Amino acid sequence: MATPFKRSALTLLAASLAASALFSTGAQAEGKISIAQQFGIGYLILDVVRDQNLIEKHGKAQGLDIKVDWNSISGATAMNEALLTGSLDVVSAGVPPMLTVWDRTKGKQNVKAIAALGSMPNYLLTNNPNIKTLKDFTDKDRIAVPAAGVGFQSRTLQIETAKEFGDAQYKKFDDISVSLPHPDATAALIAGGSEINSHFSSPPFQYQALQNPNVHKVLSSYDVLGGQATFNVLYTTEKFHDENPKTYKAFYDALAEAEKIIKADKPAAAQAYIRVEQSKLPLALVEQIVKDPEIDFTVVPQRTFIYAEKLQELGVLKNKADSWKDYFFEEAHGGAGS
């Protein structure tokens, strides 16, 4: 399975981004935006934006020529570091990592979410036939996640663990979690024979893994959250939002248009995913995923406040949000979010 950037180069990319931040001074000038996404069909809205040059299109509508710098990084930790050092303007990750950086920067950089990237379930998968529920995991098992202890999958697992074992043990499975990009974790799960026998996966990787008869689902993130819920979000600093109003508007409008494009022609959106991600997945499989009724490619946040409430109760977040609008910039407030 190919990706836009070799994963072996991610460390070098993160290092170069951090180094460039040391030499950056002054405000970001209007007409430039650097964006980072992770791997998977959860970023289809961004893939369509990129494929159709929608940021540039909406920039020109305002008389602005926008230069867009696209990057791929695995893991929320690297995303947040790049954003806070000023190496990137906009980053993407699951709802919990966004909430963590919102919490830590409140009153300082004031990081908030721009928009959702869609609602889709993430499956906890295993090739261990003895594991049917969370209670069946032992110290000998290993669960692959993109960012152990802090990413979307880990935080979702922690919330479910708190339900099953009590709040005091919400980190029970952190010790058997291993940070690994989704493509590598999927390969390990399908191949078998390695210490990685489980994977809290995401589309399209979970669909690919479940084609193997030795892999089965233990849990869905929708089970934890009570229904359809936002997976990934885009977020930025107050500084970028306030100092680049035209660029920001062009970006938000591009996201909204990409949502409409996907919903109008899902087969074409599947083709855009394969083009941009340079994916080797069969087109039929990608179309199946895009058409899955469990998935909604929308910029409107859904059930994000469940994370805000529960993570604050567990002590992960210090600041209490009164509603989802506290951690989304005002451009997103017009929709029926949650």
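The values are calculated or read from the model by the stated rules, or taken from the named source; none is laboratory data. Small disclaimer: the values here were computed from a predicted structure and weren't measured. Here the Cβ is made from the backbone with ideal geometry for all residues, glycine too, and neighbour counts use every protein chain on show. Surface areas here come from the heavy atoms of the whole protein model, side chains and all, with no ligands, DNA or RNA. Shrake-Rupley method; radii C 1.70, N 1.55, O 1.52, S 1.80 Å.
Modelling each spin label as a point 7 Å along the Cα-to-Cβ direction, I'd like the GLN288/GLN271 distance in nm, to one decimal.
Each label point lies 7 Å from its Cα, and together they span 2.1 nm.
Output the peptides 100-106, 73-79 sorted from most to least packed, where packing is the average of other Cβ atoms within 10 Å over each peptide's residues.
Sorting 100-106, 73-79 by mean packing, highest first, produces 73-79, 100-106.
Given H placed on each backbone N at 1.01 Å, which residues far from LEU219 in sequence or on other chains put an amide H within less than 5 Å of it?
LEU124
Considering the Cα trace of the range 121-223, what is its radius of gyration and what is Dmax, both in angstroms?
In order Rg, Dmax, the Cα atoms of the range 121-223 give 12.2, 37 Å.
Which cross-chain or sequence-distant (5 or more) residues have an amide H under 5 Å from the amide H of ALA229, H modelled 1.01 Å from N in plane?
Result for ALA229 returns MET120.
Which lysines does LYS310 reach when only Cα atoms under 17 Å apart count, and residues fewer than 8 places away in its own chain are ignored?
Those lysines meeting the cut-off are LYS163, LYS171, LYS172, LYS318, LYS320, LYS325.
Once phi is turned into θ = phi - 60°, what whole-Hz ³J(HN,Hα) does the Karplus curve with 6.51, -1.76 and 1.60 give for every residue of the range 182-187, x standing for Gly and Pro?
Ordered by residue, 3J(HN,Hα) equals 3, x, 5, 5, 5, 4 Hz.
Give the cross-link partners of LYS60 among the lysines, using a straight C-alpha distance below 21 Å as the criterion and excluding same-chain residues fewer than 8 apart.
By straight Cα distance, LYS60 reaches LYS32, LYS246, LYS249, LYS260.
Note down the magnitude of the dipole of the chain about its Cα centre, charges +1 on Lys and Arg C-beta and -1 on Asp and Glu C-beta and zero elsewhere, to the nearest 20 debye.
It works out to roughly 200 debye.
Which one, ALA256, THR85, PRO96, projects farthest toward the positive side of the charge dipole computed for the chain from Cβ point charges (K/R +1, D/E -1)?
THR85
Can you give the local net charge around PRO245? Use residues other than it whose beta-carbon is closer than 14 angstrom to its beta-carbon, Lys and Arg +1, Asp and Glu -1.
-4
Which aspartates and glutamates, if any, have their Cα less than 19 Å from the Cα of LYS112, not counting same-chain residues under 8 positions apart?
LYS112 reaches GLU81, ASP89, ASP103, GLU238, ASP242, GLU243, ASP253, GLU309, ASP322, ASP326, GLU330, GLU331.
Give me the distance in nm between label points sitting 7 Å out from Cα along the Cα-to-Cβ direction at ASP322 and ALA191, one decimal.
5.3
Put a dot 7 Å past each Cα toward the Cβ at GLU164 and LYS135; how far apart are the dots in nm?
1.0
Where the convex hull is taken over the Cα atoms of the range 42-150, what is its projected area averaged over directions, in nm²? It would help to have the intermediate numbers written out before the result.
On the way: hull surface 39.2 nm².
Directional mean of the projected Cα hull area for the range 42-150 stands at 9.8 nm².
Sum up the charges of everything whose Cβ sits under 13 Å from the Cβ of VAL95, counting Lys and Arg as +1 and Asp and Glu as -1, but leave VAL95 out.
Combined, the nearby Lys, Arg, Asp and Glu give +2.
So if I place +1 on the C-beta of Lys and Arg and -1 on the C-beta of Asp and Glu, and nothing else carries charge, what would the dipole magnitude of the range 121-223 be about its Cα centre? I want it in debye, nearest 20. Present the calculation step by step, with values, prior to reporting the outcome.
Values: 9 positive and 11 negative charges, 27 e Å.
With Lys and Arg at +1 and Asp and Glu at -1, about 120 debye.
Please say if the range 217-315 is rounded, prolate or oblate, where rounded means a/c under 1.5 for a ≥ b ≥ c the square roots of the C-alpha gyration tensor eigenvalues, and otherwise the choice is prolate for a/b larger than b/c and oblate otherwise?
oblate
Please report, in debye to the nearest 20, how large the charge dipole of the range 15-166 is about its Cα centre when each Lys and Arg carries +1 at its beta carbon and each Asp and Glu carries -1 there.
Dipole about the Cα centre, nearest 20: 240 debye.
Can you give me the long-range amide H partners of ALA93? Hydrogens built in the peptide plane at 1.01 Å from N, cutoff under 5 Å, separation of 5 or more residues or another chain.
VAL233
Leaving out ligands, DNA and RNA but keeping every protein chain, what accessible area does ILE274 have, in Å² rounded to the nearest 10, with a 1.4 Å probe?
The value for ILE274 is about 40 Å².
For LYS112, what is the net charge nearby, where nearby means another residue's Cβ is under 15 Å from its Cβ and Lys, Arg count +1, Asp, Glu -1?
-4
Can you work out D for the chain in µm² s⁻¹ from Stokes-Einstein, where Rh is the Kirkwood radius over C-alpha pairs, the temperature is 37 °C and the viscosity is 0.692 mPa s?
Using the Kirkwood radius from Cα pairs, D works out to 163 µm²/s.
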